[in-house]
1. For GLN147, only one of the following conditions fails: (1) of a type outside the set (Gly, Ala, Ser); (2) crowded, with 16+ Cβ neighbours inside 10 Å; (3) touching a helix residue (DSSP H, G or I) at 6+ places or on another chain (Cβ under 9 Å). What is its number?
2. Say whether the condition of being assigned to a strand (DSSP E or B), in the same structural domain as LYS61 (by TED's automatic domain parsing) and within 16 Å of ILE54 (Cα to Cα) is met by at least one residue in the range 326-333.
3. Just give me the residues in the range 292-322 being under 18 Å from the mean Cα position of the chain (by Cα) and of a type in the set (A, V, I, L, M), in sequence order.
4. Of all the residues that make up the range 278-303, how many are in a strand (DSSP E or B) and touching a helix residue (DSSP H, G or I) at 6+ places or on another chain (Cβ under 8 Å)?
5. If ILE339 meets every condition in (1) assigned to a loop (DSSP other than H, G, I, E, B); (2) at pLDDT 90 or above apart from one, which number is that one?
6. For the range 330-345, which positions are of a type in the set (A, V, I, L, M) and farther than 24 Å from VAL314 by Cα?
7. Among the residues that make up the range 352-369, is at least one of them at pLDDT below 80, within 22 Å of ASP56 (Cβ to Cβ) and outside any strand (DSSP E or B)?
Amino acid sequence: MKNSNPALSFLAIITSVAILFSACKKLNESTELGGGLIPPVDNINTFETYLDVITDNKLFKDTTKVYYGDNLALGHIANDPEFGGTHANAYFNIGSPYFSGTSANSYYPFINKDSVIIDSVILSLSYTGYYGDTNSIETIHVFEIAQNPGFSDTTLYKYDTTDFQTVVPELGSKTFQVKALKDSILHIRKKDTTKLANVIRIPLQNQLGVRLASYDTSNTSNGGFRNDSIFKTLFKGLAIKADNSGNALTYISPADQSKTKLTVYFRVTKNGVKDTLLTDFYHQTHGQANVITRFQSNGWLSYLNNGLPSDDKVYLQSVPGSYASIKIPALDTFKNAVIHRAELVLNPLPSAQEAIFVQPLGLFLDRINANGDTASAFDTDMDLQPSGLDFTYNFSYFGGGLKSDSTYRFNVSKYVQDIITLKKPNQTLRLYAPVRAFVYSTRFARISQIYVTTEPAYGRVVLGGGNYAVPGKRLRLRVIYSKL
């Protein structure tokens, strides 16, 4: 089934970015990045040329860390015919909303400890979208995270973190078809009928509810409802692990407390009156991880291992995945000129099952310094154009989203002008599809992070490389200039 975009469009994602629109005079080839001052190409005063580039496929050693509000990928892709397999597990802690920090004011959520009878325990996960085949059947298993130093709420974990230890047996499991997750679920309990959409509901073992009800509000090792710290020494959190089957990823939001919760339904007697109640536990603090493992195969693996310094195709897979290095040697000998427009033009190529494994929501371009530093050495002042002291950046000007002519384009005009005129270094560029990019501003002397997409492991694309057989499909630098 053809994939649909589970998130906002690329430009809409960047809510903190100032959007500037400027008129654009059409030239020999579509230019959609703005630039109303670009003169027409007449080959007398203004010229157009294309510079060859050298592209090389690289494995991306991502340092992006998972934040509290991030969506988490969950599931298994058995075999993308271009890139291979992917597996994703999710981890997050939970806590009670009734912690007070003092036993005198703490609230015991099960009302009367001596009469609690557990009816059922349900884990609900807020479903936000998918990537892959919606006909895929996925199975996920819920475990308790083991009590060891490997998982905590004081550490931000990277996507390439190894899986955390869990306690056996499992607490529960769920098998579902991805395309059915948007359907409303009818929930009836004690004359109360509700419909829930975009929620994965997983029945868990009643014994978990019995265990939670056994905690108290005392300042002892069993005082789980005195404060969050004691609670996490008793219950570390939940691990949601996917089977090694299926062909899709689903995305969940642990921080969405309206839908993600662990609910314990119970009966209790107080003052001789029996009642049926429920209590909820939420993901309220840091303490989350998304372990995403890639299994390189097919075309991507062959290009990673071909040993060639220049590739005719570029394989881009969203973080954690791949990147391409781009070198433009011709800029070193380009004669002095006024650069009206310089843009990298990227052409997607047809690829196997591209209707299922769709393109990334956005691409990003930055630079690698002379030391090969790919963590914090990128200067945004060249072409990202800081919008002001709020350190936001103008993506509509810079580029990175798929254009109406089915190309990706990046405006690097100032970067090219400074190389030609000011003899600034002609550095290697890095092209990739991150969740967040960390970019350095010399003007503000600080590193800022900006969101490029909203989902990890969402999207892949095969592009024509610098020496692709069809010249019009090559990754190349288009330059509009006037001679001096």
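1. (2)
2. Among the residues of the range 326-333, at least one is assigned to a strand (DSSP E or B), in the same structural domain as LYS61 (by TED's automatic domain parsing) and within 16 Å of ILE54 (Cα to Cα), which makes the answer yes.
3. ILE292, LEU316, VAL319
4. The qualifying residues number 2.
5. (1)
6. ALA337, VAL338, ILE339
7. yes
Here's the yes/no breakdown for (1) at pLDDT below 95; (2) closer than 30 Å to ALA78 by Cα; (3) assigned to a helix (DSSP H, G or I):
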site: GLN207; (1), (2), (3): no, no, yes
site: VAL210; (1), (2), (3): no, no, yes
site: ASP216; (1), (2), (3): yes, no, no
site: THR220; (1), (2), (3): yes, no, no
site: ILE230; (1), (2), (3): yes, no, yes
site: LYS236; (1), (2), (3): no, no, no
site: ILE240; (1), (2), (3): no, yes, no
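The values are calculated or read from the model by the stated rules, or taken from the named source; none is laboratory data. The shown structure was predicted, so the numbers you read here are calculated from the model rather than taken from an experiment. Every residue, glycine among them, receives a Cβ derived from its backbone with ideal geometry; neighbour counts consider all protein chains shown.
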